[in-house]
1. Quick check on my filter: what residues within the range 126-173 are polar (S, T, N, Q) and in contact (Cβ under 8 Å) with a residue 24 or more places away in the chain?
2. Scan 32, 98, 47 and give me the residue that is modelled with pLDDT under 80, loosely packed, with under 13 Cβ neighbours inside 10 Å and not polar (S, T, N, Q).
3. Please name all residue pairs, on different chains or six or more residues apart, with Cβ atoms under 8 Å, provided the first residue is in the range 95-119 and is closer than 13 Å to residue 153 by Cα and the second residue is part of a loop (DSSP other than H, G, I, E, B) and of a type in the set (Gly, Ala, Ser).
4. Kindly evaluate residue 186 against the criterion of being out of contact with any Asp or Glu (no Cβ under 6 Å at 6 or more places or on another chain), at pLDDT below 80 and buried (at least 16 other Cβ atoms within 10 Å of the Cβ).
5. Condition (residue is at pLDDT 80 or above, over 30 Å from residue 5 (Cα atoms) and not in a helix (DSSP H, G or I)) applied to the range 151-162: is it met by at least one residue?
6. Pairs only if they're at least six apart or on different chains, beta carbon under 9 angstrom, first in the range 72-91 and of a type in the set (Asp, Glu), second modelled with pLDDT of 90 or more and surrounded by fewer than 16 Cβ atoms within 10 Å (Cβ to Cβ); list them, first residue then second.
7. Select from the range 56-71 the residues that are touching a residue at least 60 places away in the same chain (Cβ under 8 Å) and closer than 15 Å to residue 20 by Cβ and list them in ascending order.
8. Name the residue that is farthest from residue 119 (Cα to Cα), counting only residues in the range 139-150 that are in contact with a helix residue (DSSP H, G or I) (Cβ under 9 Å, 6 or more places away or on another chain) and assigned to a loop (DSSP other than H, G, I, E, B).
Amino acid sequence: MACGGFVCSRNALCLLNIIYVMVSLLMISVAAWGKWFGLVSSFRVMAAVIAVGLFLFAVAIVGLYGALKHHQVLLFFYMLILFMVFIVQFSVSCACLAISKEQQNLLLEIGWNKSESMQKDLERTLDCCDFSEVNYNGTCEANCFNDHSCTPCSVIIQDYADDALHFVGGISLFFCFTEILVVWLAYRYRNQKDPRQNPGAFI
């Protein structure tokens with residue numbers, strides 16, 4: 001069977017969905033590990049990562065089952081869901097790569113103000129206090145607070161934010177192209193005949 005035929009398309013789809021399953025399990029494991037060891041105390045952050053991991057896992061299992069069984073309905077919904085994920089992910093990756101410093105600072109401040117537990121995590125991890133100006137009359141989780149030698153967290157966060165956004169945007173853009181490749185493979189695979197079946201049958 002030449003590559004590009006029924007068996008090749010099925011094997012390629014199965015391989016890509018197995019990769020998606022492993023990525024989803026890795027996301028869930030990292031989130032659970034971070035919460036277990038106290039690296040992330042924010043339940044919302046952990047729940048969001050686990051929810052994305054579970055969603056990716058479910059989609060990958062649907063795609064894997066549909067590919068193995070050559071199930072027309074499952075493959076159709078798999079293509080539809082993955083294409084919508086592609087649109088959202090492509091938009092987010094472009095936004096990450098194109099965001100300006102001013103927009104970064106605004107988004108970081110909004111995120112900072114939404115979660116007190118995340119503030120404590122960042123203060124403890126980055127050894128900084130408050131967001132834009134250190135208030136020594138308040139409280140802070142950083143070790144530098146006792147020495148009155150802290151810098152605002154916005155200064156440290158912004159040093160990492162630009163690199164992090166470009167990294168996340170690049171990785172996300174890469175996965176966008178794998179998703180559109182999977183959509184194309186699933187579309188082609190749906191319209192191929194199984195050589196093991198009756199040559200006159202569509203499925």
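1. So in the range 126-173, the residues polar (S, T, N, Q) come out as 132, 135, 137, 139, 143, 146, 149, 151, 154, 158, 172.
154, 158, 172, listed by residue number.
2. Working: 32 fails: loosely packed, with under 13 Cβ neighbours inside 10 Å; 98 fails: modelled with pLDDT under 80.
That would be 47, the only listed residue that is modelled with pLDDT under 80, loosely packed, with under 13 Cβ neighbours inside 10 Å and not polar (S, T, N, Q).
3. Hits for this filter: 109/132; 118/41; 118/42.
4. Details: out of contact with any Asp or Glu (no Cβ under 6 Å at 6 or more places or on another chain): yes; at pLDDT below 80: no; buried (at least 16 other Cβ atoms within 10 Å of the Cβ): yes.
Considered against the rule, which asks whether it is out of contact with any Asp or Glu (no Cβ under 6 Å at 6 or more places or on another chain), at pLDDT below 80 and buried (at least 16 other Cβ atoms within 10 Å of the Cβ), residue 186 comes out as no.
5. yes
6. Listed pairs, sorted by first residue: none to list.
7. Initially, the range 56-71 is screened for residues touching a residue at least 60 places away in the same chain (Cβ under 8 Å), giving 63, 66-67, 70.
Matches in the range 56-71: 63, 66, 67.
8. Just the residues of the range 139-150 that are in contact with a helix residue (DSSP H, G or I) (Cβ under 9 Å, 6 or more places away or on another chain), to begin with: 139-143, 145, 150.
Okay, now just the ones that are also assigned to a loop (DSSP other than H, G, I, E, B), so 139-142, 150.
Working: 139: 11, 140: 9, 141: 9, 142: 11, 150: 15 Å.
So, considering only residues that are in contact with a helix residue (DSSP H, G or I) (Cβ under 9 Å, 6 or more places away or on another chain) and assigned to a loop (DSSP other than H, G, I, E, B), the one farthest from residue 119 (Cα to Cα) is 150.
The values are calculated or read from the model by the stated rules, or taken from the named source; none is laboratory data. Note that the structure is a prediction, hence the values are computed from the model and not measured. Cβ: placed from backbone, ideal geometry, glycine included. Neighbour counts: every protein chain shown.
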